[in-house]
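Worksheet for the structure shown next.
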Protein chains: 2
Amino acid sequence: MNRAFLTLAATLLASLPTLSQRLHSPTNKLALSFQLGPTGEPTYQLSFGSKTVLKPSRLAVLVQGQPGFEKGLTVVKTDSAQADETWAPVWGEVKQIRNRYKELAVTLQQPGPEKRQLRVRFRLFDDGLGFRYEFPEQPNLKYFTVQDERTEFNLAADCKTFWIRGDYDTNEYLYATTKLSEVGPKNTPSTPEIGVQVPVAPNAVQTPLMLKSPDGLYINIHEAALVNYPAMSLLVDNARFDLTSQLTPDATGAKAYLQAPCHTPWRTVVVSDKAPEVLTSKLILNLNEPSKLQDVSWITPQKYVGVWWEMHVNRSSWDYAKVNNIKLNQTDWQALKPHGRHGANTANVKRYIDFAAKNGLQSVLVEGWNVGWEDWYGNWKEEVFDFVTPYPDFDVQELQRYAASKNVKLIMHHETSGSVTNYERRMPAAYQFMQDHGYDAVKTGYVGRIIPRGEHHDGQWMSNHFVRAAEQTAARRIMINMHESIRPTGLHRTYPNWLANEAARGNEFNAWSQGNPPEHETILPFTRLMGGPMDYTPGIFQIKLEHWNPTANKGRQVHTTLAKQLALYVTMYSPLQMAADLPEAYEQRPDAFQFIKDVPVDWDDTQVLEAEPGDYITTARKAKGKDEWYLGAITDEQARQSRVPLTFLTPGQKYVATVYADGKTADWEKNPMSYQIRRMTVDSKSVLKLQLAPGGGTAVSFKPTKAAGFR
Amino acid sequence: MNRAFLTLAATLLASLPTLSQRLHSPTNKLALSFQLGPTGEPTYQLSFGSKTVLKPSRLAVLVQGQPGFEKGLTVVKTDSAQADETWAPVWGEVKQIRNRYKELAVTLQQPGPEKRQLRVRFRLFDDGLGFRYEFPEQPNLKYFTVQDERTEFNLAADCKTFWIRGDYDTNEYLYATTKLSEVGPKNTPSTPEIGVQVPVAPNAVQTPLMLKSPDGLYINIHEAALVNYPAMSLLVDNARFDLTSQLTPDATGAKAYLQAPCHTPWRTVVVSDKAPEVLTSKLILNLNEPSKLQDVSWITPQKYVGVWWEMHVNRSSWDYAKVNNIKLNQTDWQALKPHGRHGANTANVKRYIDFAAKNGLQSVLVEGWNVGWEDWYGNWKEEVFDFVTPYPDFDVQELQRYAASKNVKLIMHHETSGSVTNYERRMPAAYQFMQDHGYDAVKTGYVGRIIPRGEHHDGQWMSNHFVRAAEQTAARRIMINMHESIRPTGLHRTYPNWLANEAARGNEFNAWSQGNPPEHETILPFTRLMGGPMDYTPGIFQIKLEHWNPTANKGRQVHTTLAKQLALYVTMYSPLQMAADLPEAYEQRPDAFQFIKDVPVDWDDTQVLEAEPGDYITTARKAKGKDEWYLGAITDEQARQSRVPLTFLTPGQKYVATVYADGKTADWEKNPMSYQIRRMTVDSKSVLKLQLAPGGGTAVSFKPTKAAGFR
């Protein structure tokens, strides 16, 4: 009887018409539909008004040694929900963030007696879609290994695409701008300067991926809340414009080891017909969990200088001696013969401390302070650094005393050389060392191939490591800034001590490679920065690097004007901003440096006034707790004129606008250091004329006139 | 001119006759010759008097991305040396060890302008050969990756071989005894009880490998001082009787990441025409580095009991509750509903402490004390245990107080479940926890597949981990005993806090599998124990395990007699010996238990009186600092009679011999618990008649008679 009944029920289910669910965003801008295909394969599609964003796209998770969640599925339950709430970030671009969405959760079941279930949860916002796979608690799915996730994002047409090549270990590639149909090896920029390159596949690209459809939609595909899962790349079908997820494998080829109940990160599709709305979307932050930290009083957005750029421009070095066969635990560091070019020496660090103190910058990063740099890179060596032994010429105690006396903080540097097992073993002692010596912030680095060998920067094991580093530093009230990390996915909401990441091609490439072309900084906010703040290290004043070392830097220069370097402090949001150039570069141009001294790193409001990926961005931001505004405008290699109404200013209030603009004959290549500063009084009815040189920019500060007083 | 000269020199070198070097052992028992073959391939051969031990056998190391050290080599230098010294181990089988050898070091050079060099260093002892590969400091070989080592051990004939299958992750196999020509899958015992098996190749075997040649030579092949290198297996050529080394790969297939100057472990060949001389060889210890520890006063050889066997015989359990989906950082342990069978509860541990105190045993091991056991095995999960959180019914503070009041030490237990990244992260906190709570010894475990995933128990990364664990515990004055570890290679000389390892099929298998056949313990000293002490956990009195749990243990029993369990304390050397059975088992047989109370774990002298691998072993040992002797005799499944002259006793001294023998009708299977104890007075002229039952043994203590007093 029972068996007969079950058979009947199964037959009924199988003969049901294919099920379709539809969901509209809160103000109906976007519409999502979910459907089971004829063979029980789940698909979704997304539209923006009458325009198709994504054609029917499949959803699938394959499991090792078990049937996958791919087809033959039935819908056992659907749940709807909606939310409209407002929350305040610990720091950020705006004071408050609205989280408004409609939700659909579809629970799917495999055929067979195990009745394994997968739930797909969609959250549809007015500015995009987030969805994730959830594995509910259930009797026949506990521990399992994800062999593959095959999530499709099938675009409706041959979009203009801003892409870097998919790679399991680096995201420091140059961007290419092509049609989707042209993505591939032919159009991949050559980047021999990147040491470790492990391409995913010929036609793979990384997220955040920025697209512009022929019918004018701006579409950004990424992920949110990447925890305990590998990062996702996308495989491009040039003919069909279909994108399919490709997860980063571990050493055995598996993708993720999971234990139900659990879920994947959110897959995100931000979409708008206005490019600025992509930049101001808070969808990814909204899909992350609230802060796990109770006390955040010690977290301080800050500007810093550092013993750093002087190494990049070959004025000094990270290493202390010329030996090339270091064994960390055997070398007698005191006996090494110094070569005399070591940057992180006590006197030099004091010079930076003095400079920071004099100019109101909070902190000084020092790289190359700890032993091991003679032989640190490229050997896949496990014991590279110990994070607690300074070079003989770096006096930890004295610098602790000196920095404290000047009310400046030192930022610790932990380069792991990719040897993460070594770093994890030493983290407790390294963080203890920091606390013992007054450090409350650390910059980490992961240059080189990962150890455990066979793991990748973007795999599940490493994604857990980065979260672990954020957690363990938070537990000791330490802020963290990770370089060569996995690409950010908004986790700084959950761990607000995780101030910034590199995870893209930073300003440093301008010092020793083909550099970053002038369009680079107009693309980054649409791609890498969608996931979170970047420690891009702007503020290079001495654009022509031969100035510092004519021999070693022959022909090298930064690929922007000086004024554009200032504008980047506004266009590239980060709560941690470096004044990256040498103190002497700033001392030569105190008028321009005033903008870096003034510009905040935490904001109450942000308005993107105009933007087009790859071409230009103009952003205005309101300082935290003050009626001061700052504007940054940048362009690519094309000169640009624009008229910007200052409607963002408080009506009725007069402001002194200080405009840091390109000089009349400025040009990123031929005359990059020409700038002009002018002051004027403006109000919300004023219109600002911008005149950007090729590769140029403009930075503006707006401070209330004294007459009006401060509010 | 220069170039012409170089060409000429190269021609001269190439036309040199193939070079041969010969070396004799100190008393000429063994002879070694080294030769470059016609294509410049290095080979060695070894003979014992007129008998060939090893035919010409090649030596080769292959390097990733570079020419290997395989052929085309020239000899650029040979060095000879000899040594004869005596040293005292911190603990051991004998008071002093003589290290006497002759040495030959051959420096070989590759053709080509890089002139890369490899040195082969041979040390020839009267009881065998050790050799290793050395990579001297040189301009063109710094960092390199060993792709393969192809060291041959080419036997002269079809030896009788005592072998377990080569495996990268386990050494808990049953031994097979076959001819070399018969090694292979057909003759591999079935061992479904072993959870993780990663066989090397169909015809691979593990070291220490024991062989007996048709002309009566006993040959043991192993390695010494395995540091920063993977463990070696041997591939067997059934037709030619050639053995070739096979190193354990890492996740990428590479074998070892090295940095010159450096060297491999020693490859060892112990050889004698007398089996007992294999057992007393100190060659492997002599090839290890002296102790790195300055202060060894805190290192204490010891006997212990433990909350352990009661879990194996299903009287209690490691876990505390019946849940099977634990998440270490999320589960509320206090809220778990206990199932009432948890062994490591405070009251039960106190019972063991009382028992240890009463019987003069130094310590109590407690397994299952810390949270995570509900779900600990087989899921390749990284966060399994935290090593610092006790179950709610295990009162750490109270047990610390109680044990101290009874002058008993508790032994900590750290089961890693193979998740070594997790353990390494937590080691500092775990060892601190031990120190805070009065623990000075730890038993570690590595059950399951290793994390970092793709690594193996026997790879280079893990060999470094085991040494790291020894070092880090030593730094905190903690003794360590590793289970499921890499096979030992004499490193306890260098790290004398590393008391013992399991690393073979221990007594525990008798509790829940097909067990260990009676011959098992006559093979282990010739194989696994060649590398160092084993925590075999002897002393099971309640041989028939149905006694403890008739349902769960139906038909299960230990495969020895009770008397043989006593003899194992002498035949299986370890400075750490468990009295493995339950206290109540001992309390029922206080007369037999007296031997366990008496038997030392540290010795001034050891004499193997008779031995044949797979058949029998009779060993006598002199207690440390006392004129007391202890004898153990064991046999395989055959009954055995023997007459042992007691010539080892001090001449003129009378001793009370207490003989713990098998009962007259004893039989390991049918009547295993029958034993008889008799006392007699003996001296060095006496002859002891041994009568061993099938699967039986005899243990004897010799204490000076009171009349003679103690020396």
Task: Subset of A:Lys322/A:Lys564; B:Lys358/B:Lys381; A:Lys292/B:Lys381; B:Lys358/B:Lys564 violating a 30 Å alpha-carbon distance limit - done: A:Lys322/A:Lys564; B:Lys358/B:Lys381
TODO: Output the relative contact order of region B:18-286, whole-number percent, from Cα pairs under 8 angstrom with separation of 6+ residues.
DONE: 18 percent
Open item on the list: Just to confirm the numbers: B:Asn28, label point 7 angstrom along the Cα-Cβ line, distances to the other copies in nm, shortest first?
Closed with: 10.9
Open item on the list: Under 20 °C and 1.002 mPa s, how fast does region B:302-599 diffuse according to Stokes-Einstein, given a Kirkwood radius computed over C-alpha pairs? Answer in µm²/s, whole number.
Closed with: 110 µm²/s
Task: Over region A:18-286, equivalent-ellipsoid semi-axes from the Cα gyration tensor in Å - done: 27, 24, 19
Open item on the list: Please state the shape class of the protein assembly as shown: rounded when a/c is under 1.5, otherwise prolate if a/b exceeds b/c and oblate if not, all from the C-alpha gyration tensor.
Closed with: prolate
Task: For chain B: relative contact order, % (alpha-carbon pairs under 8 angstrom, 6 or more apart) - done: 11 percent
- [ ] Please report, in debye to the nearest 20, how large the charge dipole of the protein assembly as shown is about its Cα centre when each Lys and Arg carries +1 at its beta carbon and each Asp and Glu carries -1 there.
- [x] 680 debye
Task: Among B:Gln653, B:Tyr616, A:Ala60 the positive-end extreme of the charge dipole of the protein assembly as shown (Cβ point charges) - done: B:Gln653
Open item on the list: Could you tell me what a quarter of the Cα convex hull surface of region A:359-398 works out to, in nm² with one decimal place?
Closed with: 4.3 nm²
Task: Sulfur and carbon atoms: percent of accessible area, region A:281-423 [1.4 Å] - done: 48 percent
- [ ] Report, as an integer, the average count of C-beta atoms from other chains found within 10 Å of each Cβ along A:419-426.
- [x] 3
Open item on the list: Below 16 Å, Cα to Cα, which aspartates and glutamates can B:Lys654 reach? Residues fewer than 8 away in the same chain don't count.
Closed with: B:Asp627, B:Glu628, B:Asp683
- [ ] Mind checking the per residue accessible area of chain A for me, 1.4 Å probe, whole number of Å²?
- [x] 35 Å²
Open item on the list: If you fit an axis through the alpha-carbon atoms of helix B:346-359 and take the longest principal axis of the Cα set of chain B, what angle between them do you get, 0 to 90°, nearest 10?
Closed with: 80 degrees
TODO: Taking the dipole about the Cα centre of chain B, with the C-beta of Lys and Arg at +1 and of Asp and Glu at -1, give me whichever of B:Val601, B:Leu279, B:Gln82 is farthest to the positive side.
DONE: B:Gln82
Open item on the list: For region A:495-573, take N as its residue count and report Rg(C-alpha) divided by 2.2 N^0.38 Å.
Closed with: 1.15
Open item on the list: Placing unit charges on C-beta atoms (Lys and Arg positive, Asp and Glu negative, everything else neutral), compute the dipole magnitude of region A:302-599 about its Cα centre in debye, rounded to 20.
Closed with: 240 debye
Open item on the list: Once you compute Rg and the Kirkwood Rh from C-alpha atoms, what is the Rg to Rh ratio for region A:486-525?
Closed with: 1.08
- [ ] Rounded to the nearest 500, what is the 222 nm mean residue ellipticity of chain B from helices alone, with -39500 (n - 2.57) per DSSP H run of 4+ residues and division by all residues?
- [x] -4500 deg cm²/dmol
Task: Net charge dipole size for region A:18-286 [Lys, Arg +1 and Asp, Glu -1 on Cβ; Debye, nearest 20] - done: 620 debye
TODO: Filter the cross-link list B:Lys350/B:Lys406; A:Lys102/A:Lys282; A:Lys55/A:Lys186; B:Lys554/B:Lys670 down to pairs whose alpha-carbon distance in this structure exceeds 18 Å.
DONE: A:Lys55/A:Lys186
Open item on the list: Using +1 at the C-beta of Lys and Arg and -1 at the C-beta of Asp and Glu, which of B:Ala157, B:Ala204, B:Gln147 has the Cα lying farthest in the positive direction of the dipole of region B:18-286?
Closed with: B:Ala157
Open item on the list: How large is the Kirkwood hydrodynamic radius of region B:343-477, counting all unique pairs of alpha carbons, in Å?
Closed with: 15.6 Å
Open item on the list: What are the ³J(HN,Hα) couplings of region A:122-133, residue after residue, when phi is run through the Karplus curve with 6.51, -1.76, 1.60 and θ = phi - 60°? Round to Hz, x for glycine and proline.
Closed with: 9, 10, 10, 9, 6, 10, x, 10, x, 8, 9, 9
Task: Interface area, A with B, accessible, probe 1.4 Å, both sides summed, Å² nearest 100 - done: 2700 Å²
Task: Debye intensity ratio I(q)/I(0), log10, region A:583-627, q values 0.16, 0.26 Å⁻¹ (C-alpha model) - done: -0.64, -0.88
Open item on the list: Please list, short to long, the whole-number percent of alpha-carbon pairs of region B:235-337 in consecutive 10 angstrom bins beginning at zero.
Closed with: 8, 15, 21, 26, 22, 7, 1
Task: Over 24 Å between alpha carbons, listed pairs A:Lys544/A:Lys624; B:Lys29/B:Lys212; A:Lys115/B:Lys337; B:Lys77/B:Lys142 - done: A:Lys544/A:Lys624; A:Lys115/B:Lys337
Task: Computed over chain B, the ratio Rg/Rh where both radii use C-alpha atoms and Rh is Kirkwood - done: 0.98
Task: At 7 Å out from Cα toward Cβ: A:Pro136 inter-copy label distances (nm, ascending) - done: 7.2
Open item on the list: I need the inter-copy label distances for A:Gln676: point set 7 Å along Cα to C-beta, values in nm with one decimal, smallest first.
Closed with: 11.8
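The values are calculated or read from the model by the stated rules, or taken from the named source; none is laboratory data. Every value quoted in this text rests on a predicted model; they were computed, and no experiment measured them. Note that each Cβ is placed from the backbone with ideal geometry, even for glycine, and that neighbours are counted across all protein chains shown. Just so you know, the surface numbers come from the protein's heavy atoms only, side chains and all, with ligands and any DNA or RNA stripped out. Shrake-Rupley method; radii C 1.70, N 1.55, O 1.52, S 1.80 Å.
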